[in-house]
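Trainee: To start, I am sharing the structure in question, which I have written as structure tokens.
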Amino acid sequence: MKAAFSWTRGLPTAGTIAGVPGTPEAGGRLGPFATTIFAEMTALAVATGSINLGQGFPDTDGPQEIADAAVAAIRSGANQYPPGAGIPRLRQAIAGHQRRCYGLTVDPEGGVLVTTGATEAIAAALIGLCEPGDEVVMFEPFYDSYVASAAMAGAVPRMVRLHAPDWRWDPADLEAALSPRTRMVLLNTPHNPTGKVFAPDELAVVARACIERDLVCVTDEVYEHLVYDGAHVPMATVPGMAERTVTLSSAGKTFSFTGWKIGWATGPRELVARVRAAKQFLTFASGTPFQHAVAAGLEAGDRLVAPLRQSLQDRRDLFCDGLEALGLAVSRPAATYFATTDVASIGEVDAYDFCRALPGRCGVVAVPSSVFYLDPGPARTLVRWAFCKRPEALVEALERLGSAAAA
Ligand code: PMP
Ligand code: GLN
């Protein structure tokens, strides 16, 4: 497996990836983003036949009735371009979901945009809502596409650090990250990679900054239904925020169909219009039959999601208990698919080196959380493990890790 470029080392000044054997050069401002950590680590898992606890996708399908709805949509001829903003039934279902779950009113005509996964929604939000040179405040560690999408938009990321192991942050760091050029706060709750659920008092601090400085908040809430401890509070429900917040979510995580790539943005019409303007020229529209199936899933309410959430919570506990039994310092996530360990607790000094060597040592793949930082500093020994896999796979992975530790 060829070495891949660690784009964190190239930021914030982009360049090429010269000097990395076998890696094609990608110059310009996207030079540092040649290969995502997920592509790298999944390729490593395939090449070595390892258990893939790197990329966050379930190794089983979501609910059969949603899959059946996709098949039925294909057979019924729902196979040509849908409206660019999404089929009316799905836009209604998304608006209904926001109302039912959170009491939020969004207009299914102008206030909902269906996207090709949350990934496209993130890119379209940054491109549509930021001008080149605008600054975007985000929390570090950050989901990998945030900084790449900011680069595509010509926007400049500014970081507020979440501190391990409990992922608290200092409001003074938010104040320091803000400037007259700040245009947006890009929030992610529940948060990948840490599994943190932002508490109401934390949201209030972010909200106050947005309101005082007239900022837009884009909030990535793709794990909204995968919360095990505490409760998810959408930023749009915080007083004064609905009118300045674009909320992003995705069917991939909620229903375990990550490959379908149906996501959405909701919010005030004038903000969503700008996201839509960008989306039109990224993909124009998103997979018609999957939109029908996701609408059916959302219309089912919590019936299909609740068992999945419970099963993921059980797997979180199984896996975190197992990691702790191996002597690893574990940060047990309140939500999401991911647990974090500090491999300094087993004498490791660099998470990237650890993750590159792990498949060869014991046939398990994980992701170094250090890549989710511009400069990881003390986070250079953090490793992210995806536990959204079958219990048998998790048990086998723990056994393999145990034998590697004993060797
Ligand atoms: N945001 C976060 C925080 C994620 O973890 C992911 C991965 N699901 C995405 C966005 C991308 O979502 P999608 O697969 O729907 O593009
Ligand atoms: N969201 C997934 C994760 O964090 C990865 C999605 C992707 O590969 N881009 O693992």
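The values are calculated or read from the model by the stated rules, or taken from the named source; none is laboratory data. Keep in mind it's a predicted model, so treat the numbers as computed, not measured. Here Cβ is always computed from backbone atoms with ideal geometry, including for glycine, and neighbour counts include all displayed protein chains.
Trainee: What are the residues in the range 208-225 that are of a type in the set (Asp, Glu) and away from ligand 2 (no atom under 16 Å from the Cβ), if any?
Mentor: 212, 214 - these are the residues of the range 208-225 that are of a type in the set (Asp, Glu) and away from ligand 2 (no atom under 16 Å from the Cβ).
Trainee: Filter the range 277-295 down to the residues that are more than 21 Å from residue 110 (Cα to Cα) and aliphatic (A, V, I, L, M) and list them by number.
Mentor: Selection gives 293 alone.
Trainee: With respect to residue 336, determine if the residue is hydroxyl-bearing (Ser, Thr, Tyr), crowded, with 16+ Cβ neighbours inside 10 Å and out of contact with any strand residue (DSSP E or B) (no Cβ under 7 Å at 6 or more places or on another chain).
Mentor: In short, yes.
Trainee: Could you list, in sequence order, all residues of the range 47-74 that are over 18 Å from residue 297 (Cα atoms), out of contact with any Pro (no Cβ under 7 Å at 6 or more places or on another chain) and more than 16 Å from ligand 2 (Cβ to nearest atom)?
Mentor: Answer for the range 47-74, where residues must be over 18 Å from residue 297 (Cα atoms), out of contact with any Pro (no Cβ under 7 Å at 6 or more places or on another chain) and more than 16 Å from ligand 2 (Cβ to nearest atom): 47, 49.
Here is a yes/no grid of residues against (1) among the hydrophobic types (A, V, I, L, M, F, W, C); (2) assigned to a helix (DSSP H, G or I); (3) more than 13 Å from ligand 1 (Cβ to nearest atom); (4) closer than 20 Å to residue 249 by Cα:
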residue: 166; (1), (2), (3), (4): no, no, yes, no
residue: 175; (1), (2), (3), (4): no, yes, yes, no
residue: 186; (1), (2), (3), (4): yes, no, no, yes
residue: 193; (1), (2), (3), (4): no, no, no, yes
residue: 205; (1), (2), (3), (4): yes, yes, yes, no
residue: 210; (1), (2), (3), (4): yes, yes, yes, no
residue: 219; (1), (2), (3), (4): no, no, no, yes
residue: 223; (1), (2), (3), (4): no, no, no, yes
residue: 230; (1), (2), (3), (4): no, no, yes, yes
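Trainee: Need at least 3 residues that are more than 16 Å from ligand 2 (Cβ to nearest atom) per element, so show me which helices (runs of 4 or more DSSP H) inside the range 237-355 make the cut, counting only ones lying wholly within it.
Mentor: Once the helices (runs of 4 or more DSSP H) in the range 237-355 are filtered for at least 3 residues that are more than 16 Å from ligand 2 (Cβ to nearest atom), what remains is 269-282, 288-299, 305-325.
Trainee: I've got another one for you. Given the criterion closer than 21 Å to residue 223 by Cα and among the hydrophobic types (A, V, I, L, M, F, W, C), identify the matching residue among 386, 393, 357, 379.
Mentor: The unique qualifying residue is 386.
Trainee: Residues to consider are 45, 85, 69, 121; find the one that is of a type outside the set (Lys, Arg), surrounded by 23 or more Cβ atoms within 10 Å (Cβ to Cβ) and part of a helix (DSSP H, G or I).
Mentor: 121
Trainee: Please enumerate the residues belonging to the range 356-378 that are more than 16 Å from ligand 2 (Cβ to nearest atom) and either of a type in the set (Gly, Ala, Ser) or under 17 Å from residue 331 (Cβ atoms) (or both).
Mentor: 357, 360, 363, 376, 377, 378
Trainee: Is there a residue in the range 105-117 that is in contact (Cβ under 8 Å) with a residue 60 or more places away in the chain, among the charged types (D, E, K, R) and within 30 Å of residue 36 (Cβ to Cβ)?
Mentor: no
Trainee: Looking at (1) in a helix (DSSP H, G or I); (2) surrounded by 23 or more Cβ atoms within 10 Å (Cβ to Cβ), which one does residue 92 not meet, given that it meets all the others?
Mentor: Result: residue 92 passes all but (2).
Trainee: Report every pair of residues separated by at least 6 positions or lying on different chains whose Cβ atoms are under 7 Å apart, first residue within the range 39-59 and under 11 Å from residue 367 (Cβ atoms), second modelled with pLDDT under 95 and more than 13 Å from ligand 2 (Cβ to nearest atom).
Mentor: The qualifying pairs are 40/4; 44/1.
Trainee: Quick one: residue 24 ticks every box in (1) touching a helix residue (DSSP H, G or I) at 6+ places or on another chain (Cβ under 8 Å); (2) surrounded by fewer than 16 Cβ atoms within 10 Å (Cβ to Cβ); (3) over 30 Å from residue 387 (Cβ atoms); (4) modelled with pLDDT under 80 bar one, so which box is it?
Mentor: Failed condition: (1).
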